[in-house]
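A.B. asks: Below are the structure tokens for one structure; questions will follow.
None of the figures in this text is laboratory data; all of them are computed from the coordinates on show. Note that the structure is predicted; figures quoted are calculated from it, not measured. Glycine gets a Cβ as well: all are built from the backbone with ideal geometry, and neighbour counts include every protein chain shown.
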Amino acid sequence: MCGRYSLTTPPEAMARVFRTTGPLPNLPPRYNIAPTQQAPVVRAAPEARELALLRWGLVPSWSQGPDSKFSMINARAETVESKPAYRAAFRQRRCLVPADGFYEWRAEAGRKQPYFIRVKECPFAFAGLWEHWEKPQTPAIDSFTIIVTEANALLKPIHDRMPVILHREDFDSWLDPETPLGDAKALLRPLEPEAMEAYPVSTRVNSPRNDDPECIAPLGA
């Protein structure tokens, strides 16, 4: 799964990498983004791509609201095209979730040790889906989920799942709703382990109140 991640890349740099246009949100460096918080995604707009702040934890359009059991932070790659909560978004509302690292926890001697995992080419993007929820007399919510798949050889000793990390040359295909669904599904695979690195970090990251560079500092450094 993916339950915490970081994004410290300035908005202007993200706009260049992800080729977005329009106003840029105010995005201070984030070292410990947690579920239910607002985070940037890249999604297709009528004329181009936009960088927008959405709520992490997908709220299906047919659910009662963000506090229901249908608010989800991760979607499994194996079933994303068939699960009722995700299948419409998989067809029409795919997005990129910019990041420069994420966390996973490994069980060690009766406790869970957090690890920070990053990709050598940053920023990178998780494969994501977004959804719009709206009810009368209630503020509308745009939300997103991160798609996860089986872990690669680097991550397997830490956790059996990992977020789908897209190659930059696949961004266009993933965002385009005209891409055949089989082709989009084929992109949901583990990233090559040689493109990544992982190291243990402090348990400070366990609390979403901690959001500073110490979260990503190597343990004992």
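A.B. asks: From a point 7 Å beyond the Cα of E197 in the direction of its Cβ, which residues of the stretch 102-121 have a backbone N at a distance under 16 Å?
C.D. replies: Under cut-off, by backbone N: 102, 115-121.
A.B. asks: Take the alpha carbon atoms of the stretch 138-171, find their center, do the same for the stretch 84-130, and report the distance between the two centers in whole angstrom.
C.D. replies: Taking the Cα centre of each part, the stretch 138-171 and the stretch 84-130 sit 3 Å apart.
A.B. asks: Determine the percent antiparallel among the DSSP beta bridges restricted to the chain, to the nearest 5.
C.D. replies: Bridges in the chain that DSSP calls antiparallel: roughly 90 percent.
A.B. asks: Amide H of Y31: which non-local residues (sequence gap of 5 or more, or other chain) have their own amide H closer than 5 Å, using H built in the peptide plane?
C.D. replies: Amide H neighbours of Y31, under 5 Å, 5+ apart: L7, D212.
A.B. asks: Please check: in the Gaussian network model of the chain (C-alpha springs, under 10 Å), which one of R111, R204, R93 has the largest mean-square fluctuation.
C.D. replies: Judging by the Gaussian network model, the answer is R111.
A.B. asks: Now for a different question. Can you sort F126, F90 by how many other beta carbons sit within 10 Å, fewest first?
C.D. replies: Listed from fewest to most nearby Cβ atoms, that is F90, F126.
A.B. asks: Between E178 and R209, how many nm apart are label points set 7 Å from Cα along the C-beta direction?
C.D. replies: Here the answer is 5.2 nm between the modelled labels.
A.B. asks: Here's another thing I want to ask about it. If amide H atoms are built 1.01 Å from N in the plane of the peptide, which residues on other chains or at least 5 residues away come under 5 Å of the amide H of A75?
C.D. replies: Those qualifying (amide H under 5 Å, at least 5 residues apart or on another chain) are I146, I147, V148.
A.B. asks: Taking 22 Å as R0, compute the FRET efficiency from the Cβ-Cβ separation of Q37 and Q64 and round it to 0.05.
C.D. replies: 0.55
A.B. asks: Amide H neighbours of L54 under 5 Å, counting only residues 5+ apart in sequence or on other chains, H built in-plane at 1.01 Å?
C.D. replies: A39, V41
A.B. asks: Counting other beta carbons within 10 Å of each Cβ, put W62, W105 in order, fewest first.
C.D. replies: Listing W62, W105 from fewest to most nearby Cβ atoms yields W62, W105.
A.B. asks: Moving on to the next point. With label points built 7 Å along Cα→Cβ from the Cα atoms of T79 and K135, find their separation and express it in nm.
C.D. replies: The answer from the label model is 2.5 nm.
A.B. asks: Averaging sequence separations of C-alpha pairs under 8 Å and six or more residues apart, then dividing by the length of the chain, give the relative contact order as a whole percent.
C.D. replies: Computed value for the chain: 22 percent relative contact order.
A.B. asks: Beyond a 25 Å Cα-Cα separation, which of these cross-linked pairs lie in this structure: K135/K185; K120/K156; K83/K185; K83/K120?
C.D. replies: The pairs that break the limit, which is 25 Å between Cα atoms, are K135/K185; K83/K120.
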